[in-house]
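See structure below.
The values are calculated or read from the model by the stated rules, or taken from the named source; none is laboratory data. For clarity, every value in this text was computed on a predicted model and none was experimentally measured. Backbone-built Cβ (ideal geometry, glycine too); neighbour counts: all protein chains shown.
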């Protein structure tokens, strides 16, 4: 006599081990989750805030005022012949995006630890979501920049066609460094407390308060190893026509940004096996 035998199938998902490449197909399958995380990050950032998204403008504007007084009026730092206010704000727009995306990305895994232990999804979407969500703030600050350019008498030229590449390079750098710092912060919690100092140190290493023309010629290639140096100086060259576009800085920075992104993705994948246990 035949008997009905029910067989239960159990799917066991194990974390990747060793050096694994990015599974782009899997990331695409979870694109809806990625969009949700991006939108959630935007909403929670300004939740219960009186000024709301206005903070995206206040931070760079306030920094511009302080920098103009301290570095422009008192220290009288060279600004390549343009008013220091627009000189500094043009640099602060990409820098504020980069520093914000990097800070949010580095602590994103610890914030999402509860979700990681309950649901399976490609963990890479977590540090990449802040990189995308910060673009909202960047766009708002950039609109203000266009208004300041009009006020000071600067108008875009044909070179503005190169600006999307600099924005892409800015995002690539934030993503690569973000993946490195995110994965490291799981094992080394000190990174969370050192991020403020680290970002501040990088700001003075980038041409935010001073022009890249102050850097001696023999050190320019080394200086360009920080991709944001080429991005910031490129923004000024394209929008304010301060100097020719610094292709030397941009070229070196692009190579470094690509290396950071690829190595960061591999390192992140390698550390995935520890995320659920340590987080």
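Summary of values
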{"quantity": "Residue satisfying condition, being at pLDDT below 95, surrounded by 20 or more Cβ atoms within 10 Å (Cβ to Cβ), out of contact with any strand residue (DSSP E or B) (no Cβ under 6 Å at 6 or more places or on another chain) and under 19 Å from residue 84 (Cα atoms), within set 183, 212", "calculated": "212"}
{"quantity": "Hey, residue 85 part of a helix (DSSP H, G or I), surrounded by fewer than 21 Cβ atoms within 10 Å (Cβ to Cβ), touching a residue at least 60 places away in the same chain (Cβ under 8 Å) and touching a helix residue (DSSP H, G or I) at 6+ places or on another chain (Cβ under 8 Å) or not", "calculated": "yes"}
{"quantity": "Residue within the range 151-169 that is surrounded by 20 or more Cβ atoms within 10 Å (Cβ to Cβ), touching a helix residue (DSSP H, G or I) at 6+ places or on another chain (Cβ under 6 Å) and assigned to a helix (DSSP H, G or I) present", "calculated": "yes"}
{"quantity": "Verdict on residue 181 being under 16 Å from the mean Cα position of the chain (by Cα), at negative phi and in a helix (DSSP H, G or I)", "calculated": "yes"}
{"quantity": "Subset tally (residues that are assigned to a loop (DSSP other than H, G, I, E, B), loosely packed, with under 12 Cβ neighbours inside 10 Å and at pLDDT 65 or above) for the range 13-48", "calculated": "1"}
{"quantity": "Pairs, first at positive phi in the range 55-76, second outside any helix (DSSP H, G or I), C-beta under 8 Å, six or more apart", "calculated": "none"}
{"quantity": "Test for residue 133: is it closer than 30 Å to residue 270 by Cβ, in contact (Cβ under 8 Å) with a residue 60 or more places away in the chain, surrounded by 21 or more Cβ atoms within 10 Å (Cβ to Cβ) and out of contact with any strand residue (DSSP E or B) (no Cβ under 6 Å at 6 or more places or on another chain)", "calculated": "yes"}
{"quantity": "Given (1) surrounded by 12 or more Cβ atoms within 10 Å (Cβ to Cβ); (2) over 25 Å from residue 60 (Cβ atoms), index of the condition residue 178 fails", "calculated": "(2)"}
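For (1) within 16 Å of the chain's Cα centre (by Cα); (2) buried (at least 19 other Cβ atoms within 10 Å of the Cβ); (3) outside any loop (DSSP other than H, G, I, E, B); (4) touching a residue at least 40 places away in the same chain (Cβ under 8 Å), each residue gets a yes or a no:
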site: 208; (1), (2), (3), (4): yes, yes, no, yes
site: 221; (1), (2), (3), (4): no, no, yes, no
site: 232; (1), (2), (3), (4): yes, yes, yes, yes
site: 238; (1), (2), (3), (4): no, yes, yes, yes
site: 242; (1), (2), (3), (4): no, yes, no, yes
site: 249; (1), (2), (3), (4): no, yes, yes, no
site: 254; (1), (2), (3), (4): yes, yes, yes, yes
site: 257; (1), (2), (3), (4): yes, yes, yes, yes
site: 260; (1), (2), (3), (4): yes, yes, yes, yes
